[in-house]
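Just so it is clear, none of the values below were taken in a lab; they were calculated from the coordinates. All values derive from a computational prediction rather than experimental measurement. Cβ coordinates were reconstructed from backbone atoms using ideal geometry, including for glycine residues, and neighbour counts include every protein chain displayed.
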Amino acid sequence: MTTTEVSPNPQEATLAEMSDVQIRSIVGELIKANRDLKDLNTKLSDAQTKLMQSEKLASIGQLAAGVAHEINNPIGFIFSNFGTLEQYLQDLFQMLQVYEEAEASVGDETAVARIRNLRADLDIDYLKDDIPNLMRESRDGIQRVRKIVQDLKDFSRVDARQEWEPVDLHAGIDSTLNIVNNEIKYKADVVKNYGPLPEVQCLPSEMNQVFMNLLVNAAHAITAERGTITITTGVQDASVWVEVADTGMGIAAENLQRIFDPFFTTKPVGQGTGLGLSLSYGIVQKHDGRMEVTSEIGAGTRFRVTIPIKHESAQEAEQAH
């Protein structure tokens, strides 16, 4: 009988020959690789969530622009007809004045008495004063609606191509303030400390999204009866900066490091998704800028957004290096 010897498994032999230090080193590397894979999966999930949120915001922007366009048409009709109505009333008032002047020459006492009684019943003198005021207030109201609609269209900017273009950041902030006015007007006074700014090359609708998130967060942070939101702008070297400061409750020091993390929020459950600042941070990074925050409990919070005046494309950056 022939006896066949079985060779040991090379891997088993290798493991047997390894020292404890080598084995611990391999296990440590495997644990590190597993941890890195988990971190990568988390980042991928966060990126997917941000993408979904961005798509949702784009859809909302398209809807807002569509609604603004539909509202703008009837407002245009009303505004045009309103001007015609004002002219008609001026003509009627002019005719009424002629009748009043001719009243004294009317010989029929019965007719004169009837005219005077009707004038007293209708309070013609009051109507002559009040109708112009009503018309003026109505015109102001229509103009405000037109301004809100235009700001809504400017804010969404879905009718414009998503291209880098030079814009006036102050105009973007003002239109955004008009859009979120309902979130702010009952809680805070807005103070504008605008410095002279050049036109900045950016993606306007995305920067407006950043301003909206900062302004709404500032309003939500104010828990006192009434507070103040201060917007300050300025230029530093080849960049511009925008600060939004509030007199709200402030952010605890342990939360400042996480404030830009996806899904992190200090708001009560159901009042915040934790994506606003994360998306804003990503937008500012896309603009090759930075977002900084300083806060103190009970003294308020200050966010500063800094972006370059001129956007440098990837191709230009590669050529520069």
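Summary table
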{"item": "Efficiency of FRET from Cβ geometry, residue 232 and residue 130, R₀ 41 Å, rounded to 0.05", "result": "0.40"}
{"item": "Burial ranking of peptide ranges 140-151, 165-176 (average Cβ count within 10 Å, highest at the top)", "result": "165-176, 140-151"}
{"item": "Difference of contour (0.36 nm per residue) and Cα-Cα distance, residue 102 to residue 286", "result": "58.7 nm"}
{"item": "Net lengthening on full extension, residue 146/residue 178 (0.36 nm per residue, minus Cα-Cα)", "result": "10.4 nm"}
{"item": "Relative frequency of Cα-Cα separations exceeding 21 Å in region 182-249, percent", "result": "30"}
{"item": "Spin-label model distance (nm) - residue 199 vs residue 36, 7 Å beyond Cα toward Cβ", "result": "4.7"}
{"item": "Counted charge near residue 29, where neighbours are those whose Cβ lies closer than 12 Å (Asp, Glu -1; Lys, Arg +1)", "result": "+2"}
